[in-house]
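The values are calculated or read from the model by the stated rules, or taken from the named source; none is laboratory data. None of the values given here were measured: they were computed from a predicted structure. Reconstructed Cβ throughout: ideal geometry from the backbone, glycine too, with neighbour counts over all protein chains shown. Protein only, heavy atoms only, side chains kept; ligands, DNA and RNA dropped before computing areas. Shrake-Rupley method; radii C 1.70, N 1.55, O 1.52, S 1.80 Å.
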Amino acid sequence: MPLIEPYRIKVVEPIPITTRPERQRALADAGYNLFNLRAEEVTIDLLSDSGTGALSAAQQAAAVSADETYAGARSFYRFREAVADLTGYPRILPVHQGRAAERILFTSLLEPGQLVLNNTHFDTTRANVELLGCEARDLPCPEAADLDSSEPFKGNINVAALAKTLAGPEGNRVGLVLMTITNNGGGGQPVSMANLTETSELCQRYGVPFILDAARFAENAWLVTQREPGYRHRTPREVARLAFALADGCMASLKKDGIGHIGAVLALRNEALANRCEMLLIATEGFRTYGGLAGRDLDMLAIGLREITEPEYLAARAAGTAHLADLAAAAGVDSVRPTGIHALYLNAGRLLTHLPPHRYPGHALACELFLAGGIRCVELGSLYLGKQDEHGTLITPAPYELVRLAIPRRVYTQSHLEYVAEVIAEVASNPTRVPGYQMVEASPLLRHFNSRLEPVPASPTGQAR
Ligand code: F0G
């Protein structure tokens, strides 16, 4: 049986088909910042896989029969049952999205000056650690540095560095160890069960809480069943349960692998910590049986959390991303290997060699994909991760110039992805034509969301100025 999407389409939404002059105008009006575009200007939106998934008929049916009671709604108990069945954690707090879970957990757990270790912090996770006067430190495994290698678990934490930090002079500063599955900041790469087990043992030995940032727990579990010996005969749901069992709790944005438009969960083993979190939840999000969500959101998430671990769905989704990666490679555009699931990370630095980091090759490729085909994606390079001075001049470039094409769940078909590949190929057929960019209005905070840029045409020799 060939791999096909294991669902058919029942409700459709037209997507805008635009002309190049229209896109040129839209991008200029947006200050050459793709975050400023309006939805009606975008043909294929690969900006994020968060909150952008398509609901199933079962989720929509659950929304209609949801319970909007203020306290003790049936919807909450159905949500709690779905999360408990998956994670095994006794205390389950709904929140409106992942970053609220981060804020509530960190505020209840950390003291200023403490250190948080993670394979790679997502940007809001880092921000919430730093807002409390703590330090967020990434410890990616050494294999992650080679974008082209086919090492299966490049999302792993560096266990040797973790052990050294916990045992060393900074050990008593470590307030929390996190593991982001899959590692979104690190190319969407998975974390192995072996790595989770070693991390769990180290945290137990040193008495440090170990929490999963589990936004893409099902995709991580699927990749474990495909890549880790010993787990090939397990279902993704079984692997996910084993992963949750190794930690003291999780924060999970359910806008990804919960297939919800909004929602997240903070689930914990420790009663005293959960009680502190619950007080903050009630003060800042909502009562403990809704946490800032409507009953219908809770019910849709309860169903989404069951649908997301279906092997046929995960197999088809993984195959879609891999197909896109293969088509891009055939067009001469490399991406981070091995291909993950939620996104393709194109190596813009390698494609646009005529653009130095201060001309933002990742941003240039992202803009060009929009101009050529109405595709929206996000730069993960020197614009987002580099260090700038107060005038917006790049001082330290990012280690890589990547572009993330995140794939919403159950939204685009294979032919949409093949269209994306055609647009990539068109841009790659003449890369030196792609102009670099310079900052015209730098924003001191959340730069990549707020800055305005302008293209810098290539000089006649093809070199960026
Ligand atoms: N953790 C990870 C690993 C994430 O990828 C995200 C969000 C969050 C936490 C925060 O969750 O958005 O519900 O508050 N990632 C989105 C993305 C925004 O596009 O990768 P949230």
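Calculate the translational D of the chain in whole µm² s⁻¹ from Stokes-Einstein, where the hydrodynamic radius comes from the Kirkwood formula applied to all Cα pairs, the temperature is 10 °C and the viscosity 1.306 mPa s. Please list the in-between numbers first.
Details: Rh = 22.8 Å.
The estimated diffusion coefficient comes to 70 µm²/s.
For Arg452, Arg38, Arg80, give the ranking by accessible area with the largest first, probe 1.4 Å.
Values: Arg452 80, Arg38 145, Arg80 100 Å².
Largest accessible area first, the list is Arg38, Arg80, Arg452.
Provide the FRET efficiency to the nearest 0.05 for the Arg205-Thr19 pair, computing r from the beta carbons and using R0 = 60 Å. Kindly include the intermediate steps, with their values, before the conclusion.
Details: r = 62 Å, r/R0 = 1.03.
Rounded to the nearest 0.05, the efficiency is 0.45.
Going by Cα centres, the stretch 312-377 and the stretch 153-206 are how many Å apart?
Distance between centres, Cα-based: 28 Å.
What percent antiparallel are the DSSP beta bridges of the chain, to the nearest 5?
Numbers: 28 of 44 bridges.
Percentage antiparallel, nearest 5: 65.
Of Pro140, Asn156, Tyr206, whose Cα points farthest to the positive end of the dipole of the stretch 57-307 (charges on the beta-carbon: +1 Lys, Arg; -1 Asp, Glu; origin at the Cα centre)?
The residue sitting most towards the positive pole is Tyr206.
Give Lys256/Lys387; Lys154/Lys256; Lys10/Lys255 a once-over and call out the pairs whose C-alpha atoms are over 25 Å from each other.
Lys256/Lys387
Using the scaling law 2.2 N^0.38 Å as the reference, what is the normalised Cα Rg of the stretch 317-465? Don't skip to the end; give the middle numbers.
Working: Rg = 15.1 Å, N = 149, 2.2 N^0.38 = 14.7 Å.
Taking N as the residue count of the stretch 317-465, the ratio is 1.03.
Dividing the alpha-carbon Rg of the stretch 289-379 by 2.2 N^0.38 Å yields what? Don't skip to the end; give the middle numbers.
On the way: Rg = 18.2 Å, N = 91, 2.2 N^0.38 = 12.2 Å.
That works out to 1.49 for the stretch 289-379.
Please give the calculated 222 nm ellipticity per residue for the chain, where each DSSP H segment of at least 4 residues contributes -39500 (n - 2.57) and the sum is spread over every residue; nearest 500 deg cm²/dmol? Kindly include the intermediate steps, with their values, before the conclusion.
On the way: 17 runs with 184 residues, N = 465.
-12000 deg cm²/dmol, from helical runs alone.
Quick check on the stretch 177-218: what are the equivalent-ellipsoid semi-axes from the Cα gyration tensor, as sqrt(5λ), descending, whole Å? Please report the intermediate quantities before stating the final value.
On the way: eigenvalues 78, 21, 12 Å².
Listed largest to smallest, the semi-axes of the stretch 177-218 are 20, 10, 8 Å.
Leaving out ligands, DNA and RNA, and with a 1.4 Å probe, what % of the accessible surface on the chain is carbon or sulfur?
Numbers: 10460 of 19320 Å².
Ligands and nucleic acids excluded, carbon and sulfur reach 54 percent.
Could you give the length gained by full extension between Ala283 and Glu5, i.e. 0.36 nm per residue of separation minus their alpha carbon distance, to one decimal place? If you can, show how the numbers build up before the last one.
Numbers: separation 278, 0.36 × 278 = 100.08 nm, distance 4.27 nm.
Here the segment from Ala283 to Glu5 would lengthen by 95.8 nm.
Ranked from highest to lowest mean number of other Cβ atoms within 10 Å per residue, what is the order of the peptides 8-18, 141-151, 47-57?
Going by the mean number of other Cβ atoms within 10 Å, highest first, we get 47-57, 141-151, 8-18.
Could you give the length gained on full extension between Ala330 and Ser415, defined as 0.36 nm per residue of separation minus the Cα-Cα distance, in nm?
Working: separation 85, 0.36 × 85 = 30.60 nm, distance 1.68 nm.
Gain on stretching Ala330 to Ser415: 28.9 nm.
So with the 1.4 Å probe, I'd like the accessible area per residue for the chain, rounded to whole Å². Spell out each step's value before the answer.
Working: 19320 Å² over 465 residues.
For the chain, the solvent-accessible area averages 42 Å² per residue.
What spacing in nm lies between the two simple spin-label points modelled at Asp146 and Thr197, each 7 Å away from Cα in the Cβ direction?
Distance between label points: 2.5 nm.
Taking the Cα centre of the chain as the origin, how large is its charge dipole in debye, to the nearest 20, when only Lys and Arg (+1) and Asp and Glu (-1) carry charge on their Cβ atoms? Don't skip to the answer; put the middle values down first.
Numbers: 44 positive and 51 negative charges, 59 e Å.
Its charge dipole is roughly 280 debye.
Does anything in the stretch 375-412 have its amide N under 18 Å from the 7 Å Cα→Cβ label point of Arg433, and if so which residues?
Answer for the stretch 375-412: 375.
What number comes out for the charge environment of Phe210, summing +1 per Lys or Arg and -1 per Asp or Glu over other residues with Cβ under 12 Å away? Let's see the in-between values first.
Numbers: positive: Arg205, Arg269; negative: Glu198, Glu201, Asp213, Asp248.
Net local charge, Phe210 excluded: -2.
Can you give me the convex hull volume of the Cα atoms of the stretch 57-307, divided per residue and expressed in Å³?
Details: hull volume 28.6 nm³, N = 251.
Measuring per residue, one finds 114 Å³ for the Cα hull of the stretch 57-307.
Taking a 1.4 Å probe, which of Arg205, Arg447 shows the most accessible area, and what order do the others take after it? Please list the in-between numbers first.
Values: Arg205 165, Arg447 45 Å².
Ranked from most to least accessible, the order is Arg205, Arg447.
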